Structures are given as structure tokens and as C-alpha cells.
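Asker: Next up is a structure, given as C-alpha cells.
The values are calculated or read from the model by the stated rules, or taken from the named source; none is laboratory data. On a predicted model such as this, the values are computed, not experimentally measured, just so you know. In this analysis, Cβ positions are derived from the backbone assuming ideal geometry, glycine residues included, and neighbour counts consider all displayed protein chains.
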Amino acid sequence: MHGSPPAPSKAAPSAVAYALIQHSDPEAIFAFRAGRPVTAGAFLRDVAALAAVLPARQHVLNLCADRYRFAVGLAAALCREQVTLLPPNDMSGTLAALAGDFPDLYCLEDGRPGAPSLLAVAVPDEFVGAPSLSAIPVLPAGQPAVLLFTSGSTGRPKPAPKSWGTLARSAIAAGRRLGVDSLPSAVVVGTVPHQHSYGLESTVLLAFQHGLALQAERPFYSGDVVAALQSVERPRILVTTPIHIRALLAEGDAVPRADLIISATAPLTHDLAVEAEKRFSAPLIEIYGCSEAGQVATRRTALERGWHCLEGIALRQDKHGTWAAGPPVETETLLHDVIELSDSASFFLHGRSADLVNIGGKRSSLAHLDHQLTSIEGVLDGAFLMPDDSDRGITRLIAFAVAPGLSTDAILAALRARIDSIFLPRPLVLVDSLPRTNLGKLPRQALLQLASRSS
């Protein structure tokens, strides 16, 4: 059964509502696909065409790899008042679990098949005979929009519902902090997946709410990232992660100039931020947040240690930890990090609560130890792990390092000069690569499996 395309939402005068996009001129560039521009008017026509054929269901799984088609699918679902589910991964087990939890779930795809048990709707490469929208849709702030899921790096993924108003307010606040109004019509080039909180906020919603253009492709390898940046004119914004930044700078070749770099998903070192700003000739802004709360704060890592909350967000602390609240946050949310407040809107970050380790009465954090390991010249990647048997009184750390050409003795000698000997790993395991997700995260379970194979 299919529904008809809706007219743009018209909220009551007293109701709060936000426009789908802020591209006031239908000829403004909304996206680039394979180097070809797509106008805002063409985007709205594609949204109307897809909305017309979506099944009359409440929940949709958007698996589109092409960022433009993902944006069309997200917008069409919003126009049909459908909630888009964005799981932490698209593995068959994850999709099967979602299908069981949401019996009316169907999926949008643009090439690779999704879950076999789900009704699939293909988002075509081009829409033929698409109807036009007379106006940009305006959606009620309270309309349920997406259901994000935590990465599952510290346990079972948990759902985090977001209304359209929360998403819009967060994108507006982030854009103001990032200064994108000084980069009119900038092109957003993202190395991160748009199905996850950071990618959704910084490559799709940032473009929606600030009249920017998004690049449909998601480059991953360094050469592809360079080519993607070179394929569009300035101003251009690179949305990426510390892993990608480190790989880009390790190439040694000149990188294209950017106008803004945005980084998140893992701690960024001061030295790497300084080098990135120099090589790209652009400011680098780091974003702190999580799936549950969304974007919370930013800092210019090359110049400061402290973080500053987005406009409208305030923090408070109690015996449970630090809570974030405000219009850009769906509901008051407990943050899973050790935070030292300067005031209600600024703070210092000391790592995740689950990362704290206490050995022989001495305290440290896994994030700090990881930083010391990866700061050793020749170590390309690395991570510490406190295994499960530490809960039974056996306190020992394991570390993994990607360090071609270095021996374990050389790395341990360098670590002795950087950390207390009580935190030296036993053992230190050399590996070809670490089991990072496409966001650069290292799920604890994946590290435990790596430790089991290495023992």
C-alpha cells in the first residue's frame, strides 16, 4: 500500500516549527554528485517523488550509501511523518534484531541489499517526472524524526529518539559555533558515515540548516579524500576523524586547502591539531558529544584545552555524574565521561568514566595511555585494554600497537619514559591493524576478541 505525497506541513501560528532546508533560492546548490551540482529545487522534487511511493508505515531503515540519496530518503520520511532508524552498523544480526523489534519496519536502499526479511524500497539514481513542491516543507518541532542507537562499544546498543526540533536546533547551534555563516554555500566533504550521529549532524543536517552543499560521495582512503576536496571549489568543509587526519598527514604530500575542518569520534591530540591546521591552512574544530545527547560542545584543539557548550546547552553535576540539558538536547542526558566543570557552559574533559583504571592505588585512564602509546614515533595506531579478568582481582593491562619496523622492546622502552611502570602493558601485542569501526571507534568486545586470538 502506498500513500500520496503530503503537502508541506503548516504548523499552527503558536506552534514551533522548522523548515526542512534553508536554501531559499531553488537554484542554490544543494549537493554535488560525481562532480555535478544538484539544486535545492531538484532536491525538493526528488523528495516529493520518493515520498509519493513510500509505504504507509511508521518506521524506516535508511541504508543508502550515497549521501545525497540518504538525504532524499530522510527528508521524504520526514514529510510522511515516518521515523528513520539509524543503527550502529548494518550487519545482518543487527538488522534482524531491528526487524523483530519494529514489525512495520521497511528499508531504503540504493544498491546493496538490506535485510532479506524487510520490505525494500529502492531509491533510484534519478527520479523521472518528479512533481515539484511549491514551498519548502516546514515540520513541527515535536515531530519524531530519527531513532539513533549508541555504538555499542560499551555494551548493547540503546535507542536514542530525536525530534525534528532537536535535530534542527542542534544543527543551528553547531553552525553558529563553527562560523559557517562566514562560508556561504560551502561544500561539505565527509569521510564519516551519515547513518551515525556525528555524520548525520555534521554532513547532512548542517547542510540542511545552513544552506550548504553536501558531497554525495564518502571518501575513505587518503587519496580519495584529497581527490574529493580537489573536485569542489572553495569554500569547503572537511568533516572527518582523528584517524583520517593522521592518515592524510602521514602521506607527506601537499593536501588541498580547506576552509574548516571538523573532527570527532575519538580524542584529538594538540600536536595533530596544530599540524592539521598548518597543512590544510584552516581552523580545526573538535566536537564533543554522544548519540544520546547529540552535539554538546566544541573546542579549537590547537589553541585550547577546555570545551565550550553549544548555545542553549547547560551542564550540571550530581552524584551520578554530569548532565547536559537545553533546547539542542532531546531530554536531560547523563554524559558517560569524567568532566571537570569550569562553569555550566565550559569544562575540561578527562576521558570516559568506563576508561578509568586503578592499579596499585594509582589512577589513570585508557585514553591517556592510548595517547602516550600513539605519540611514540613509528606507532601508527594503538590501544590499551583492561581485560575482564581484572574484575576478579587480576589487574593487568594489555596493549596493541600497529608499528611496522618497531619491536615490542623498543615500544616498551619508549613507554617507560612516558607512563608510570605500573601501567606498562603485559603483554604488548604487535598487530597489522586494529578492529576499528568506520567511525574510527574501537568496541571493547572487538578488542577482547583480538586479545583472545593473540593469547
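Asker: Taking the conditions exactly as written (in contact with a Lys or Arg (Cβ under 6 Å, 6 or more places away or on another chain) and surrounded by fewer than 24 Cβ atoms within 10 Å (Cβ to Cβ)), does LEU54 satisfy them or not?
Answerer: Spelling it out, LEU54 is indeed in contact with a Lys or Arg (Cβ under 6 Å, 6 or more places away or on another chain) and surrounded by fewer than 24 Cβ atoms within 10 Å (Cβ to Cβ).
Asker: Any residue in the range 262-273 that is modelled with pLDDT of 95 or more, assigned to a helix (DSSP H, G or I) and more than 16 Å from the chain's Cα centre (by Cα)?
Answerer: Yes: one or more hits.
Asker: Sort out which residues of the range 419-445 are in a helix (DSSP H, G or I) and surrounded by fewer than 16 Cβ atoms within 10 Å (Cβ to Cβ), and write them in order of number.
Answerer: Those that are in a helix (DSSP H, G or I) and surrounded by fewer than 16 Cβ atoms within 10 Å (Cβ to Cβ): SER421, ILE422, GLN445.
Asker: Going residue by residue through the range 253-271, is there one that turns out to be more than 27 Å from VAL402 (Cβ to Cβ) and surrounded by fewer than 19 Cβ atoms within 10 Å (Cβ to Cβ)?
Answerer: The answer is yes; a qualifying residue exists.
Asker: Taking the options GLN215, GLN295, GLN230, name whichever one is more than 23 Å from LEU341 (Cβ to Cβ), modelled with pLDDT of 95 or more and buried (at least 19 other Cβ atoms within 10 Å of the Cβ).
Answerer: GLN215
Asker: Name the residues in the range 97-128 that are assigned to a loop (DSSP other than H, G, I, E, B), in contact with a strand residue (DSSP E or B) (Cβ under 8 Å, 6 or more places away or on another chain) and over 23 Å from LEU44 (Cβ atoms), would you?
Answerer: Scanning the range 97-128 gives PHE102, ASP104, LEU105, PRO113, GLY114, ALA115, LEU118.
For (1) of a type in the set (Gly, Ala, Ser); (2) at pLDDT 80 or above; (3) on the phi < 0 side of the Ramachandran plot; (4) under 17 Å from the mean Cα position of the chain (by Cα), each residue gets a yes or a no:
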{"site": "PHE102", "(1), (2), (3), (4)": "no, yes, yes, no"}
{"site": "ALA115", "(1), (2), (3), (4)": "yes, no, yes, no"}
{"site": "GLN143", "(1), (2), (3), (4)": "no, yes, yes, no"}
{"site": "LEU148", "(1), (2), (3), (4)": "no, yes, yes, yes"}
{"site": "SER151", "(1), (2), (3), (4)": "yes, no, yes, yes"}
{"site": "ILE172", "(1), (2), (3), (4)": "no, yes, yes, yes"}
{"site": "GLY175", "(1), (2), (3), (4)": "yes, yes, yes, yes"}
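Asker: Residues of the range 364-388 being acidic (Asp, Glu) and either touching a Ser or Thr at 6+ places or on another chain (Cβ under 8 Å) or under 19 Å from VAL338 (Cα atoms) (or both), which ones?
Answerer: ASP370, ASP381
Conditions tested, residue by residue: (1) over 24 Å from the mean Cα position of the chain (by Cα); (2) on the phi > 0 side of the Ramachandran plot; (3) of a type in the set (Asp, Glu); (4) in a loop (DSSP other than H, G, I, E, B).
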{"site": "PRO37", "(1), (2), (3), (4)": "yes, no, no, no"}
{"site": "LEU50", "(1), (2), (3), (4)": "yes, no, no, no"}
{"site": "LEU61", "(1), (2), (3), (4)": "no, no, no, no"}
{"site": "TYR68", "(1), (2), (3), (4)": "no, no, no, no"}
{"site": "ALA71", "(1), (2), (3), (4)": "no, no, no, no"}
{"site": "LEU74", "(1), (2), (3), (4)": "no, no, no, no"}
{"site": "PRO88", "(1), (2), (3), (4)": "no, no, no, yes"}
{"site": "LEU95", "(1), (2), (3), (4)": "no, no, no, no"}
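Asker: Sticking with this structure for a sec: What residue, of SER202, SER222, SER197, is buried (at least 24 other Cβ atoms within 10 Å of the Cβ), of a type outside the set (Asp, Glu) and modelled with pLDDT under 95?
Answerer: Going through SER202, SER222, SER197 in turn, just one is buried (at least 24 other Cβ atoms within 10 Å of the Cβ), of a type outside the set (Asp, Glu) and modelled with pLDDT under 95: SER197.
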